[in-house]
């Protein structure tokens, strides 16, 4: 028996798959934390456009699930050794 060269004896390999939260886009839309999604700030005596979201009420931020990479690691059984961690020679 010889240690598997693909998984190095672990029996599993890590693959990257598209992030299910952002669909690989790396960013997501969130309610603006500065204006609370209202798009305008109440500044007596006037209302002013929120400078953080440009009066959209939403902000584009890095995806929390993939940390802005667009992919997530997924552990799978090694295809070379079928999860045993070794191969018969």
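Quick rundown of the values:
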{"item": "For region 32-71: Kirkwood Rh in Å [reciprocal of mean 1/r, alpha carbons]", "result": "11.2"}
{"item": "Debye intensity ratio I(q)/I(0), log10, region 1-42, q values 0.18, 0.19, 0.23, 0.32 Å⁻¹ (C-alpha model)", "result": "-0.72, -0.74, -0.82, -1.03"}
{"item": "Cα-only radius of gyration and Dmax that characterise the chain, units Å", "result": "23.4, 82"}
{"item": "Calculated FRET efficiency for the pair residue 17/residue 39, C-beta based, R₀ 30 Å, to 0.05", "result": "0.25"}
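Since every read-out is calculated from the coordinates, none of them should be taken as a lab result. This one's a predicted model, so the numbers in the text were calculated from it and none came from an experiment. In this analysis, Cβ positions are derived from the backbone assuming ideal geometry, glycine residues included, and neighbour counts consider all displayed protein chains.
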